[in-house]
There are 4 protein chains.
Amino acid sequence: MPDDKKPLADPIRAGEIRSFGKIPSPKLTPDLLELVRSGEVYSLEQILEPGMPFWEGHPPYVMAPYMRHGDMPELSPASVGNEITSLPIHGGTHIDALSHIGRWKDGEVELHGGIKVKEVMGREGMSVHGAENFPPIILRGVLLDVAAHKGLEVLPDSYGITGEDLAGCAGAQGVEIAPGTAVIIRTGFAKYWRTDNQRFSNCGAGPNIDGARYLAERKIALVGSDTEAVEQWPFAEDGPPLPVHTFLIVENGITHVESLYLERLAKDKVHQFLFIALPLRIKGATGSHIHPIAIA
Amino acid sequence: MPDDKKPLADPIRAGEIRSFGKIPSPKLTPDLLELVRSGEVYSLEQILEPGMPFWEGHPPYVMAPYMRHGDMPELSPASVGNEITSLPIHGGTHIDALSHIGRWKDGEVELHGGIKVKEVMGREGMSVHGAENFPPIILRGVLLDVAAHKGLEVLPDSYGITGEDLAGCAGAQGVEIAPGTAVIIRTGFAKYWRTDNQRFSNCGAGPNIDGARYLAERKIALVGSDTEAVEQWPFAEDGPPLPVHTFLIVENGITHVESLYLERLAKDKVHQFLFIALPLRIKGATGSHIHPIAIA
Amino acid sequence: MPDDKKPLADPIRAGEIRSFGKIPSPKLTPDLLELVRSGEVYSLEQILEPGMPFWEGHPPYVMAPYMRHGDMPELSPASVGNEITSLPIHGGTHIDALSHIGRWKDGEVELHGGIKVKEVMGREGMSVHGAENFPPIILRGVLLDVAAHKGLEVLPDSYGITGEDLAGCAGAQGVEIAPGTAVIIRTGFAKYWRTDNQRFSNCGAGPNIDGARYLAERKIALVGSDTEAVEQWPFAEDGPPLPVHTFLIVENGITHVESLYLERLAKDKVHQFLFIALPLRIKGATGSHIHPIAIA
Amino acid sequence: MPDDKKPLADPIRAGEIRSFGKIPSPKLTPDLLELVRSGEVYSLEQILEPGMPFWEGHPPYVMAPYMRHGDMPELSPASVGNEITSLPIHGGTHIDALSHIGRWKDGEVELHGGIKVKEVMGREGMSVHGAENFPPIILRGVLLDVAAHKGLEVLPDSYGITGEDLAGCAGAQGVEIAPGTAVIIRTGFAKYWRTDNQRFSNCGAGPNIDGARYLAERKIALVGSDTEAVEQWPFAEDGPPLPVHTFLIVENGITHVESLYLERLAKDKVHQFLFIALPLRIKGATGSHIHPIAIA
């Protein structure tokens, strides 16, 4: 979407580096419309609430009702309620902006497209690749239910999903991992959401670097999962930290959607759909909460 | 959408009171699909950033990048950025939950459906009509560009839009205000967004009670505008406070979408479209920020 | 201290109800000066930092350095750092305001002095008994090292300290529990601060109702301890919740200082001292963090 | 105060660089005790409340009562209130930590003592010169009522106080600016606190670099004022930004206490006193709110 309000940041000359990498400008094309059969809508968001899992060190979740109905009698007979809401963006169902992940190179950190972090990071956040640049996301989506494909309720803790796993799953479930697709991987880890937060946050199954390469080669638009990170967690001991995030986001401009709720979609065996996510345009932020949907 | 995860709160017996009033369960029906012609997507969200307008007394906007790339050398060669984000829900582009507005009756406050506030309000917010119950919102939308209809760039400060204004505008612009529609009213006040915040927040044009009655009679699904309140502001001196909010939200279950960005839509004279908004499921909250879109 | 800036709230007619109960107006009298021998100063505050214990359900601790040195080159050659700081008042070393605790009576909650909560509680906090009314606190202090008196490093989990314990300890340590004294009780629980937070927060030794009565009868000014609550925790199963807080704060206007650091004081066997605490004047708040000191 | 809990940060080898510069280890010496005559206590803190002045760009003030009496019926007959409290440290009565101000040198920022900022700044704040190192502050204090000395209610906007002004004032008011003193400068600007916040924040009278040099030569312990910055504001156009902060804090280790309430002290013409301030030990923070007192 050529944003008509905000010029692209200087370092991003149109056409050279794109702020959201492989996510295309939004258009509801005839091809996408063909994905809609019954018109049934699936909500893919986990509820934001106290007790939801997220990594230690993340900022706190706050939903504090400071203004209660009855507080402002001067508005009578009307009455208003309001709250303080502080949401830890990288906990709960969210999308990573490309500014979330960088890579050290020659003594400094670079973001996707070779942007040098020190030139774009400040007290108002990131002046490039921030969440305000997110276009509405309207894509063909496929569900790769890897857990079901392996005959499991949930994948084993810290299981590393390979390219072969993804290829086998796609084949068995009859979907193609085509360029421009939102690939949604189900591990079954939603089972631990609020029932075993430590396990949800620290032992997630997810693509290993082989699985990530497989996806990048197919030129997908984004990858999502029902885990806290779209990445085998902890990552392999003999490799570098966060290899999948680094490879997909920094090198390939393929961003992540995390902590999705996929149970209803899986139960109905919906493997192909119209995928819509509408990130909030939070200036300078490294991501946004979203309420994504699948339309079958 | 019959939510498969969260049972409806006790006081809301299915079929008797609906948590989002006139917003229907989401389904992308053939009728809605017919609204899509070019497939062009319009973003209707204002950017969330320092300096955006919102009423005094609302909680603060915070976007503080506390974790910067380079802070965690133990992750090298990867690098992570993160922020504290606190968003004042009722400032910026957002939707009101039905729990946002109540009405005094017999010495206590009632919400839509006769829910007594004192039974549902606590330190975790509202146990009924909270934002977590929002379904994905997929509706026929119409733009009533009242400013353009009157030949103005912006409506006069505090102008009260009447039923006759709305009827005249719909007629001239060739759209029907049918049941189940998202009615989006353009006043032109986006012109004052960040250029004259005091005016934006304190002098908004909007429906008066006559305009609100006109909309309710047509059984619309929701009403939105490019102002901070979908309501003439300040409200008429000889009447009660917040008459439009009270009438539409409490009495009719017709909620509000506020601070929309409608300039591109207006410029292209798009008066009918597919309207999609996906509120975050923030448990107990009185609303949610959204990034709504129109698809023409 | 007759506050020269802020008139006492209406419901508190001077001389009838005092906003800080038994805490006297501050004056450094000759009697207090006599307590100073060596002039040695002991800091009684635990450090506020991530990983410190506090009860679940309390608001989050946030210390996020959003503005870093180097962020504002326009100030060069000067440079400024700043942070977002959110402190959960009732975690860490703090003092309870009298507005922190109430008691149900005839279907409504009353604060100390019979103040009806519903008349004084609103979106800006408590209009009476709020922390802004705290005077500087300058008192004779005594340390009752109950753990040492019993020959223990730490009192047993959930131990209820009785009046007899306090009397015995005071006698053995040669101090008098005189009217107007700040009575500081050492349980040894600081050992669990950050080493076993669950135990610190959920199993604290502290006065039971018998111990509380003993203190109130002696007309002390306030009571402090090295635990999260000045109260046996959990409280006795066959009694009401929070009996000590209710009895001391609501009925007697004797407030609490919690999570004190007393190890150096205990090591030096300093049992009598000049006690100074200077609560922040946070309008409407139910308490304040403090950095209390003992001067021997 | 040799802190018995926390070892000094590595870069600060005891005796070489002191984390609080000229503030001495606390001891209530006979010399200090002699300052106490009547024992009268003066509170020097402004109330923390909505509507108080602080610079734009500072983090927000939040005091939101999220947990109200009556919310937890399971505690009946007891009842508890609590709040979210977020205090902008550098607004309201506070003390700057030495980590608050740095100076560019050879392409990087240095703090007091030549500490290189890039080695000590991270997501948990400053690992040296943070507020947790503040000792209790117990000093001889003098009030230099420059406004009264000049026969004015308030000094002119942006007036730069010179060394000659300070010397003249001290002479006329009969106090000596001796080494180790807390020098408290009264400008009268408290008059604009909450009555003209723009003026309070943007036009403060304060020492210019000449005044600052005069103070540093006398080896004072700290300097405070009734303005938002202890510095002529805006600073002289032909000089560098923040010259006084840089000179006193970075070069001399003389920190600042800001936004003091001095009206009662001035009215009673108390020019010499025992000064006590007890900063909160907030790990890594660049300052702390305080409730300082003067005892006459």
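The values are calculated or read from the model by the stated rules, or taken from the named source; none is laboratory data. Here the structure is a predicted model, which is why all the values come from computation and not from measurement. Positions of Cβ are backbone-derived with ideal geometry, glycine not excepted, and every protein chain shown enters the neighbour counts.
Each residue in the range C:205-227 was checked for being farther than 16 Å from C:LEU144 by Cα and buried (at least 24 other Cβ atoms within 10 Å of the Cβ), and 0 of them qualify. Only one of the numbered conditions (1) within 14 Å of chain C (Cβ to nearest Cβ); (2) touching a Ser or Thr at 6+ places or on another chain (Cβ under 9 Å); (3) in contact (Cβ under 8 Å) with a residue 24 or more places away in the chain is violated by A:GLU124, and that is (2). Summed over the range A:55-75, residues that are in a loop (DSSP other than H, G, I, E, B) and surrounded by fewer than 22 Cβ atoms within 10 Å (Cβ to Cβ) total 9. Starting from residues that are among the hydrophobic types (A, V, I, L, M, F, W, C) and assigned to a strand (DSSP E or B), keep the ones in the range A:76-98 and report whichever is farthest from the other protein chains (Cβ to nearest Cβ). Applying the filter and picking the extreme gives A:ILE95. Out of D:ASP106, D:ASP145, D:ASP96, one residue alone is free of Cβ contacts under 8 Å to residues at least 40 places away in the same chain and either of a type in the set (Asp, Glu) or crowded, with 19+ Cβ neighbours inside 10 Å (or both). It is D:ASP106.
If you go through the range A:154-190 and keep only what is more than 19 Å from A:GLN272 (Cα to Cα) and among the β-branched types (Val, Ile, Thr), you end up with A:VAL154, A:ILE161, A:THR162. Sort out which residues of the range A:40-58 are within 14 Å of chain C (Cβ to nearest Cβ) and among the aromatic types (Phe, Trp, Tyr), and write them in order of number. A:PHE54, A:TRP55 - these are the residues of the range A:40-58 that are within 14 Å of chain C (Cβ to nearest Cβ) and among the aromatic types (Phe, Trp, Tyr). Take the residues in the range C:128-153 that are among the small types (Gly, Ala, Ser) and away from chain D (no Cβ under 11 Å); name whichever of them is farthest from C:LEU278 (Cα to Cα). Per the criteria, the residue is C:GLY151. Flag not set for C:PHE275, criterion: of a type in the set (Phe, Trp, Tyr) and more than 24 Å from D:THR93 (Cβ to Cβ).
Scanning the range B:34-52 for residues that are in contact (Cβ under 8 Å) with a residue 60 or more places away in the chain and either touching a Leu at 6+ places or on another chain (Cβ under 7 Å) or crowded, with 21+ Cβ neighbours inside 10 Å (or both) yields a total of 10. Scanning the range D:84-99 for residues being at pLDDT below 95 and among the charged types (D, E, K, R) gives a total of 0. All conditions in (1) touching a helix residue (DSSP H, G or I) at 6+ places or on another chain (Cβ under 8 Å); (2) modelled with pLDDT of 95 or more hold for A:PHE235, with the sole exception of (2).
What tally of residues in the range D:107-163 results from selecting those that are assigned to a loop (DSSP other than H, G, I, E, B) and among the small types (Gly, Ala, Ser)?
Just the residues of the range D:107-163 that are assigned to a loop (DSSP other than H, G, I, E, B), to begin with: D:107, D:120, D:123-124, D:127-130, D:134-136, D:150-159, D:162.
When the remaining residues are screened for being among the small types (Gly, Ala, Ser), the result is D:107, D:127, D:130, D:151, D:158.
Qualifying residue count, the range D:107-163: 5.
Scanning the range B:174-204 for residues being surrounded by fewer than 18 Cβ atoms within 10 Å (Cβ to Cβ) and closer than 18 Å to B:TYR159 by Cβ gives a total of 5.
Residues in the range C:59-75 that are more than 7 Å from every other protein chain (Cβ to nearest Cβ) and either β-branched (Val, Ile, Thr) or touching a Leu at 6+ places or on another chain (Cβ under 8 Å) (or both): C:TYR61 alone.
Only residues that are part of a loop (DSSP other than H, G, I, E, B) and not hydroxyl-bearing (Ser, Thr, Tyr) were counted across the range C:211-227, and they come to 5.
Would you check if there is a residue in the range B:191-210 being in contact with a His (Cβ under 8 Å, 6 or more places away or on another chain), more than 29 Å from B:MET52 (Cα to Cα) and part of a helix (DSSP H, G or I)? No, the range B:191-210 contains no residue that is in contact with a His (Cβ under 8 Å, 6 or more places away or on another chain), more than 29 Å from B:MET52 (Cα to Cα) and part of a helix (DSSP H, G or I). Taking the criterion of being among the aliphatic types (A, V, I, L, M) and part of a strand (DSSP E or B), the only residue of the range C:42-54 that qualifies is C:LEU48. When every residue of the range B:20-43 is checked against the conditions, at least one turns out to be modelled with pLDDT of 95 or more and closer than 24 Å to A:SER99 by Cβ. For the range D:251-268, a tally of residues being on the phi > 0 side of the Ramachandran plot and free of Cβ contacts under 8 Å to residues at least 24 places away in the same chain returns 0.
Is there a residue in the range A:99-117 that is under 30 Å from B:HIS90 (Cβ atoms) and more than 7 Å from every other protein chain (Cβ to nearest Cβ)?
From the range A:99-117, those under 30 Å from B:HIS90 (Cβ atoms) are A:99-100; that's our starting set.
Keeping just the survivors that are more than 7 Å from every other protein chain (Cβ to nearest Cβ) gives none.
No: the range A:99-117 contains no residue that is under 30 Å from B:HIS90 (Cβ atoms) and more than 7 Å from every other protein chain (Cβ to nearest Cβ).
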